[in-house]
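S.K.: Mind looking over this structure? Questions follow.
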Amino acid sequence: MRKDPEIKSTAEKEEPAALFNTGRVLQTVILVAAVLATLFTLWNPYKLFSEQAITQTDLHENADGGSNEYSTIGILVGHWKVDSGHVCENNIVEANITEAIANQVSIKLNALGYPVKLLAETDMDLINYRGPALIALYTGSCEDTPENKSGFIVGTTLSTSDLNSSNALAVCMGEIYQASTKLDFAYQIIAPDQPAYTFFEMVNPDTPMIYLEMGSLFYDQTVLVENSEKVANGIVNGIQCYLDTLENAQ
């Protein structure tokens with residue numbers, strides 16, 4: 001695995017938001033209590049896992065250095081090749097946004113030496129997909145409603161067999177993506193009645209997977225369209241953070 005320097009925008013060099021830098025121990029206690037009270041409330045899973053408990057996915061199982069199907073990072077591109085997703089009055093289309101950002105992420109990860117596979121929602125390769133990580137990219141809606149707020153959402157399910165790794169990926173993505181985009185952050189447990197849950201059920205349970213709603217197309221359109229490189233850098237560096245965590249846990 002190549003260990004090239006991370007791709008960072010100028011904004012990423014600033015210190016992460018205080019949400020991730022203060023009161024970690026107290027926050028953990030509060031969040032554990034919140035999980036016990038309800039499994040379907042927005043919460044922040046920061047440091048609910050032990051780095052020593054994370055099982056590293058072998059990125060190079062072939063001794064001869066050949067390619068390995070389990071070494072490829074998966075990017076599920078929301079609505080790509082399927083439908084439009086959200087369509088805004090100014091003709092901004094969710095499927096176009098997710099595709100454009102996914103392509104940037106793929107190029108940047110390839111440059112760092114990581115193989116990447118872009119996946120559509122109907123892609124048969126999603127079935128029992130195995131890899132070091134899988135990120136599902138979506139956006140919030142264009143509607144001006146109380147439910148549609150500025151910010152991004154990182155989501156996981158409780159169905160994975162390796163919750164520690166999924167939480168580690170969620171923590172890295174939440175911290176790094178927020179530092180890059182400056183958007184507000186929320187964590188969500190994806191419930192069985194939510195559409196995204198189907199994709200979590202399709203992939204191999206040993207594959208760490210997160211749902212990333214990158215921002216609202218109503219409130220955060222400027223970030224997603226005009227500053228998409230910051231969005232892509234946040235995703236790439238979030239994945240790099242997670243992979244580094246695995247190596248440091250050895």
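Each reported figure results from applying straightforward, stated rules to the coordinates on display, with no laboratory input. The structure displayed is predicted, hence computed values, not measured ones. Ideal geometry is used to build each Cβ from the backbone, glycine not excepted, and the neighbour counts take in all protein chains shown.
S.K.: How much length, in nm to one decimal, is gained on full extension between GLN194 and ASN103, taken as 0.36 nm per residue of separation minus their Cα-Cα distance? Don't skip to the end; give the middle numbers.
M.R.: Values: separation 91, 0.36 × 91 = 32.76 nm, distance 2.61 nm.
Answer, rounded to one decimal: 30.2 nm.
S.K.: Taking θ = phi - 60°, what integer Hz values does the Karplus form 6.51 cos²θ - 1.76 cosθ + 1.60 yield along segment 193-198, in sequence order, with x for Gly and Pro?
M.R.: Each residue's phi maps through the Karplus curve to give 8, 8, x, 5, 4, 4 Hz.
S.K.: In a solvent-free Debye calculation with one equal scatterer on each Cα, what is log10 I(q)/I(0) for segment 80-195 at q = 0.12, 0.16, 0.17, 0.20 Å⁻¹, listed in the order of the q values?
M.R.: -0.51, -0.97, -1.12, -1.60
S.K.: So for segment 110-250: antiparallel DSSP bridges make up what percent, rounded to the nearest 5?
M.R.: Numbers: 3 of 14 bridges.
Given both bridge residues lie in segment 110-250, the antiparallel proportion sits at roughly 20 percent.
S.K.: If you take the beta carbon distance between ALA249 and SER161 as r and set R0 to 25 Å, what does 1/(1 + (r/R0)^6) give as a FRET efficiency, to the nearest 0.05? Kindly include the intermediate steps, with their values, before the conclusion.
M.R.: Numbers: r = 18 Å, r/R0 = 0.70.
Working from the Cβ atoms, E equals 0.90.
S.K.: If you don't mind, another one. Just report the Cα centroid separation between segment 102-171 and segment 206-234, whole Å.
M.R.: One Cα centre to the other: 10 Å.
S.K.: What does the charge add up to near SER161, with Lys and Arg as +1, Asp and Glu as -1, over the other residues with Cβ less than 13 Å from its Cβ? If you can, show how the numbers build up before the last one.
M.R.: On the way: positive: ARG130; negative: ASP162, GLU201, ASP206.
Once all neighbours under 13 Å are counted, the net charge is -2.
S.K.: Do any of LYS149/LYS182; LYS81/LYS117; LYS81/LYS149; LYS108/LYS182; LYS81/LYS182 go past 25 Å between their Cα atoms, and which?
M.R.: Beyond 25 Å: LYS81/LYS149; LYS81/LYS182.
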